[in-house]
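Student: For reference, the structure I am asking about is given below.
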Amino acid sequence: MQIKQKILFDCFKQNQFVLKHLMGIERFGQKTIVITENQGVYSYEKTSLKRIRLTNLTTDVYRSTSFQGRYLIISTVKGDILFYDSRANFKLVKTIKKSAFFHESIIDLKGNDHYLTFITSKRLYIWDGKKLKSYNDYQSGSDLFDRININEKQLAIYSPKTIIRLDLV
């Protein structure tokens with residue numbers, strides 16, 4: 001059984017609590033964090049779920065990811081991106097307001113040890129922890145991209161008809 005399936009099975013079995021609209025499962029060292037759309041964020045410890053109260057998370061979660069193996073990143077339905085430090089008991093350490101990226105809605109976001117990337121309907125954004133860079137020439141004609149994936153060296157942007165790969169190094 002895959003680790004995510006095992007965690008969810010154990011959560012349901014132990015807590016008899018049904019998590020609806022699961023948005024992600026992220027690992028930070030020994031901690032496993034379970035993110036739902038509107039039921040909150042939980043820490044999975046051994047055989048139980050413990051709710052984590054996150055500052056400024058006052059609306060539904062749209063996307064979630066991890067960044068630099070340390071930060072839990074949550075994109076809200078309102079469009080803001082919230083950074084929580086796993087080493088400081090998930091304290092809010094940074095907020096990128098929707099206005100920082102031209103009030104566009106985030107379609108998808110992914111992070112790794114080096115970069116946080118996200119796409120809107122018009123632009124690709126790459127953040128290295130210091131500077132937020134924007135690219136608006138990744139769209140190919142009328143294709144609307146709906147997913148993004150990232151590894152150590154490449155970024156892939158997906159639409160129903162196209163995949164674009166970009167080198168990050």
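All of the numbers you see were taken from the coordinates with simple rules; none came from a lab. All values derive from a computational prediction rather than experimental measurement. All Cβ positions, glycine included, derive from the backbone under ideal geometry; neighbour counts span all protein chains shown.
Student: Which shape class, rounded, prolate or oblate, goes with the range 49-169 when its Cα gyration tensor gives a ≥ b ≥ c as root eigenvalues, a/c under 1.5 marks rounded, and past that a/b bigger than b/c marks prolate?
Tutor: On the way: a/c = 1.98, a/b = 1.57, b/c = 1.26.
Prolate, because a/c is 1.5 or more and a/b exceeds b/c.
Student: Within the range 32-65, report the trypsin sites (Lys or Arg not before Pro) that DSSP leaves as loop and that have at most 15 other Cβ atoms within 10 Å. Before the final figure, lay out the partial values.
Tutor: Numbers: sites: K46, K50, R51, R53, R63; in loops: K46, R53.
Listed in order of number, the matching sites are K46, R53.
Student: Further, regarding this structure: Considering only the other residues whose Cβ falls under 10 Å of the Cβ of I81, what net charge follows from Lys and Arg at +1 and Asp and Glu at -1?
Tutor: Values: positive: R63, K94, K97, K98; negative: D80.
The answer is +3.
Student: A 27 angstrom limit on the alpha carbon distance is what I want to check against. Which of K20/K46; K50/K91; K78/K110; K20/K78; K31/K122 exceed it?
Tutor: Details: K20/K46 21 Å; K50/K91 16 Å; K78/K110 18 Å; K20/K78 20 Å; K31/K122 35 Å.
Distance filter (> 27 Å) returns K31/K122.
Student: Step through the table entries K133/K161; K97/K131; K97/K130; K94/K133; K130/K153, compare each Cα-Cα distance with 24 Å, and write down the pairs that go over it. Intermediate results must be reported in sequence, preceding the final value.
Tutor: Numbers: K133/K161 26 Å; K97/K131 15 Å; K97/K130 16 Å; K94/K133 17 Å; K130/K153 18 Å.
Too far apart for the 24 Å limit: K133/K161.
Student: For the range 75-159, with the dipole built from +1 on Lys and Arg beta-carbon atoms and -1 on Asp and Glu ones, taken about the Cα centre, which of F83, H103, I126 lies farthest toward the positive end?
Tutor: Looking along the dipole axis, the top candidate is F83.
Student: Turning to a different aspect of this structure: Starting from the amide H of L168, placed 1.01 Å from N in the peptide plane, find each other amide H under 5 Å away whose residue is 5 or more places distant or on another chain.
Tutor: Hits under the 5 Å cutoff: Q154, L155.
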